[in-house]
Amino acid sequence: MSSEQVICQTKGPVSWMTLNRPEVLNAFSTELGEQALEALRRALADDQTRVVVLTGNGRAFSVGADVTEPGADTDPAKRIDIMATIAHKAIAEIRQADKPVIAAINQLAAGYGTALALACDIRVATETLRLHYAYSLIGLTGDGGINYFLPTMVGISRAMEVALTGEAICEEEAKKFGMVSKFFPEETFHENTQALAEKVATVPPAAAAAIKRMMYSSPTADLVMHLATEKAALTEMAGTPAFRELILS
């Protein structure tokens, strides 16, 4: 329902989660954070869902925490602690999930909105993309893994510049660093994202889960151990009915 802060829709094998506070550019209130975490867990647990897509309603993906939320000025440290706890649970769910999660970034992401997008397995965006660190501009230091994801993707020096100056990362730079894999026109954004998600959904779930685990463990893995893990996963997948069906189709 449109009155809910998270709109959930199932389109074939794809579950869409749309953050729905467009009047404040989908800024995260405590309620929105709780609803989003619950919706994410439901989608990841749904046997019919093979891919989850996260997006925002209106002119932004999300601009992060809602610092104007009623009560925001009373014991802000406690409130930030509560919101960060919810936020970090969502990031962990995305990274530990067997299913691929796609961030469909419509125009703008900032603060935790940027962190949430960077945590996803695949990122697509509109051609008017702007990514902001934002935290430092209000005297904060970041959450949701943004201080982990950003330097990993763009390097320490550029990450520091973005964090300390408030400068945005726009389409060309996001493309250069591989932060976003595809850019779509706004008028066909949802259709193109759905088509990509459906293509990803054709990969058998067990294979998608194994690929995701190996990709994320590779930066810290010993090569010889990683090769052994790859061989074990490959052999296991070769014995599945899905593999036999695909090679015979």
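The values are calculated or read from the model by the stated rules, or taken from the named source; none is laboratory data. Quantities reported herein were computed from a predicted structural model and do not represent experimental measurements. Virtual Cβ from ideal backbone geometry, glycine too; neighbours counted across all protein chains shown. Protein only, heavy atoms only, side chains kept; ligands, DNA and RNA dropped before computing areas. Shrake-Rupley method; radii C 1.70, N 1.55, O 1.52, S 1.80 Å.
Checked against (1) open to solvent by 30 Å² or more (accessible area, probe 1.4 Å); (2) polar (S, T, N, Q); (3) modelled with pLDDT of 95 or more, residue 114 passes all but condition (1).
For beta carbons closer than 8 Å, sequence separation of 6+ or different chains, a first residue in segment 160-184 that is closer than 19 Å to residue 136 by Cβ and a second that is part of a helix (DSSP H, G or I) and modelled with pLDDT under 95, the qualifying pairs are 166/137.
Is segment 224-246 home to any residue that is under 18 Å from residue 120 (Cα atoms), of a type outside the set (Ser, Thr, Tyr) and in a helix (DSSP H, G or I)? Working first, answer last.
As a first pass, look at segment 224-246 and keep what is under 18 Å from residue 120 (Cα atoms): none.
No; the residues of segment 224-246 include none that is under 18 Å from residue 120 (Cα atoms), of a type outside the set (Ser, Thr, Tyr) and in a helix (DSSP H, G or I).
Scanning segment 170-186 for residues that are part of a loop (DSSP other than H, G, I, E, B), open to solvent by 50 Å² or more (accessible area, probe 1.4 Å) and either of a type in the set (A, V, I, L, M, F, W, C) or in contact with a Lys or Arg (Cβ under 6 Å, 6 or more places away or on another chain) (or both) turns up just one, 177.
Restricted to segment 187-224, and to residues there that are charged (D, E, K, R) and exposed (fewer than 12 other Cβ atoms within 10 Å of the Cβ), the residue that is farthest from the chain's Cα centre (by Cα) is 222. Considering (1) in contact with a Phe, Trp or Tyr (Cβ under 8 Å, 6 or more places away or on another chain); (2) small (Gly, Ala, Ser); (3) buried (at least 16 other Cβ atoms within 10 Å of the Cβ), the lone condition that residue 166 does not fulfil carries the number (3).
Yes/no per residue for (1) in contact with a Gly (Cβ under 9 Å, 6 or more places away or on another chain); (2) at positive phi; (3) modelled with pLDDT under 95; (4) of a type in the set (Gly, Ala, Ser):
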site	(1), (2), (3), (4)
38	no, no, no, no
55	no, no, no, no
67	no, no, yes, no
87	yes, no, no, yes
91	yes, no, no, no
95	yes, no, no, no
129	no, no, no, no
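Residue pairs whose Cβ atoms lie under 9 Å apart, sitting 6 or more positions apart in sequence or on different chains, and linking a residue in segment 208-235 that is within 30 Å of residue 49 (Cα to Cα) to a partner that is open to solvent by 100 Å² or more (accessible area, probe 1.4 Å) and part of a helix (DSSP H, G or I), are 210/234; 210/236; 219/152; 229/213; 233/213. Looking only at segment 13-55, residues that are of a type in the set (Ser, Thr, Tyr), buried (at least 18 other Cβ atoms within 10 Å of the Cβ) and not in a strand (DSSP E or B) come to 2 in all. Total residues in segment 1-56 satisfying the condition of being farther than 16 Å from residue 89 by Cβ, of a type in the set (Lys, Arg) and under 16 Å from the mean Cα position of the chain (by Cα): the figure is 1.
Taken over segment 91-100, residues that are touching a residue at least 12 places away in the same chain (Cβ under 8 Å) and under 20 Å from residue 147 (Cα atoms) amount to 4. Residue 163 fails exactly one of the following numbered conditions: (1) within 27 Å of residue 50 (Cα to Cα); (2) at pLDDT 95 or above. What is the number of that condition? Evaluating residue 163 over (1) within 27 Å of residue 50 (Cα to Cα); (2) at pLDDT 95 or above leaves (1) as the failure.
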